[in-house]
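Have a look at the structure below, then the notes.
The values are calculated or read from the model by the stated rules, or taken from the named source; none is laboratory data. Keep in mind that this is a model prediction, so the values were computed, not measured. No Cβ is skipped: glycine too gets one built from the backbone with ideal geometry, and neighbour counts run over all protein chains shown.
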Amino acid sequence: MSDIKNEISRRRTFAIISHPDAGKTTLTEKLLLYGRAIQSAGSIKGKQNDKHAVSDWMEIEKKRGISITSSVMQFEYDGYCINILDTPGHQDFSEDTYRTLTAADSVVMVIDAAKGIEPQTRKLFKVCAMRHIPIFTFINKMDREARDSFELLDELESEFGIGTYPMNWPIGCGVDFKGVYDREKQRILTFADAHAGGTRIEAIECDINDTEKLDSLIGMYSRQNLCDELELVEGAGYEFDLDLVRSGKLSPVFFGSALNNFGIEPFLENFLKMTTEPLPHRSGEKIIEPTEERFSAFVFKIQANMNKAHRDRIAFMRICSGKFERSHEYFHVQGKKSIKLSRPQQMMAQEREVIDTAYAGDIIGVFDPGIFSIGDTICDESLKCEYAGIPTFAPEHFAIVEQIDSLKRKQFDKGITQIAQEGAIQMFFIPNSGMERVYVGVVGTLQFDVLQFRMESEYGVKYNRIDTPLSLVRFAEMKDGSELSDLNLMSTTKHVIDRKGRDLLLFNAEYEINWALDKNENLVLKEFSQLEEFE
Ligand code: G4P
């Protein structure tokens, strides 16, 4: 196998998603510990540990105890080169998560065993199902009181319309948690002296029919329960089918406890075996294979000021094909220019390392002097490809933001434009007026706080924010292609223009939309494409 093919075939790129507090950070950390990518737990988030520099606006995360930024981590394990894409857990940042998912080949969903599916997981799961991304479920916190395991699986199946296949089965939960039964290897993974309350993990091979040995390991009560439950699992559950897993129709489920390191290693090993190598990407009518030797990538995320020590903007790209070489010039399709990607780097939580080469499946961050937008393609010029853009979510909250200090006009314009380019907010202009007053649209209101915090701390600008009850947005066109003027609209409906110069109407409620269509027979309203798929 050629060097490129070999490198690509050992890549595994996945995103990890969960509702806040389900244990995503803990699981990620444990995976990194297995890969020896970090030395101690608590190294990833600034939540409990300030050892690593965190960005200015991550202060908000710390204050609120939520994760709103996402980072990328790479580590080696057992010959594999693994890229983990961390995603923000808070629902106000689901757009960011959605973009991150476009860069992943599979998803690990962490669920709190006591809570089951929570709103945030529900929404994200739908995105995965829509894109047929393979989904691996880790049901965490089995060392605490948990909901009935069958009930949890039923919930996954009925809510998401996919099958589940438990790879292991928990033996009790909470204080009675004795470990798990590995269905494939038909062995029990238990704590040493589990019966006597021991906590040292030890993989003990034990035939499920060896009653005597089982009794001595986990006690008669747990053994009986386990056997009854396994009978039900084998009888009523789905058959394992790797094709269904890889097409996102069957989710392998692992029970464990990230905090106690329980079930992490078998999870990682099985996951790596089942998940796919980097997948091909579509460019118009063409399918670009990852093993195509010419480089191509798309930008899925832009983040500014990640680190106080580096005041800059980083564009994150997912490499779709070939090998990236630092010394080469590549073609920025949307900018129609050849460029050298400067300071290409890979991330390890908050730490960066400048790299010379990277391969399909990898994520690299490059310095962005303000030329990239989300969804842009960068490729070897001869490859001539252009990956489909990343759709934006329809904002659901709108506010008018107005400058207060005319001496800081430049900073205001720059700040709000850059933050909008990153996709952290959407900005709309009022026709025939400048940038002193603009509409800002967000999917979740926490984004307003992030905007304010960043404008003050990064650009030194304060502004007035006037919240509005507007909540619906539609692209607007006239059937005859004429200008959008002289429309008969309710006084509460607002006409705005986006950064690409497109006309939009903002409404308070559905009846305003109906009014606009009734009174203006030439008017055509279109929804944000993504919105339909999300509802
Ligand atoms: P998140 O990234 O999904 O938001 O969750 P995170 O890993 O930060 O975990 C949330 C809380 O749940 C943490 O407790 C963490 O220690 C705990 N936790 C994670 N996995 C397990 C598990 O398997 N069992 C139990 N019992 N707890 C688990 P915290 O009190 O918020 O923080 P900490 O001070 O304990 O670190």
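Among the residues of region 2-17, is there at least one that is buried (at least 22 other Cβ atoms within 10 Å of the Cβ), among the hydrophobic types (A, V, I, L, M, F, W, C), within 8 Å of the ligand (Cβ to nearest atom) and at pLDDT 85 or above? Scanning region 2-17 turns up no residue that is buried (at least 22 other Cβ atoms within 10 Å of the Cβ), among the hydrophobic types (A, V, I, L, M, F, W, C), within 8 Å of the ligand (Cβ to nearest atom) and at pLDDT 85 or above.
Any residue at all in region 32-53 that's within 13 Å of the ligand (Cβ to nearest atom), within 19 Å of the chain's Cα centre (by Cα) and at pLDDT 70 or above? Yes, because at least one residue in region 32-53 is within 13 Å of the ligand (Cβ to nearest atom), within 19 Å of the chain's Cα centre (by Cα) and at pLDDT 70 or above. Looking across Asp498, Asp449, Asp467, one residue alone is among the acidic types (Asp, Glu), modelled with pLDDT of 95 or more and under 26 Å from Lys410 (Cα atoms). It is Asp467. Mind listing whichever residues of region 353-396 are of a type in the set (Ser, Thr, Tyr) and more than 25 Å from Gly444 (Cβ to Cβ)? Listed by number, the residues that qualify are Thr357, Tyr359, Thr377, Ser382, Tyr387.
Inside region 92-120, residues that are at pLDDT 90 or above and either assigned to a strand (DSSP E or B) or within 12 Å of the ligand (Cβ to nearest atom) (or both) make up a count of 10.
Only one of Phe138, Phe125 is in contact (Cβ under 8 Å) with a residue 24 or more places away in the chain, in contact with a strand residue (DSSP E or B) (Cβ under 8 Å, 6 or more places away or on another chain), part of a helix (DSSP H, G or I) and among the aromatic types (Phe, Trp, Tyr). Can you tell me which? First the steps, then the outcome.
Details: Phe138 fails: part of a helix (DSSP H, G or I).
Within the list Phe138, Phe125, the selection yields Phe125.
Determine whether Lys123 is among the charged types (D, E, K, R), assigned by TED's automatic domain parsing to the domain that holds Asn260 and more than 14 Å from the ligand (Cβ to nearest atom). Judged against the criteria, Lys123 is a match. Of the residues making up region 435-448, at least one is in the same structural domain as Phe507 (by TED's automatic domain parsing), in a helix (DSSP H, G or I) and surrounded by fewer than 19 Cβ atoms within 10 Å (Cβ to Cβ).
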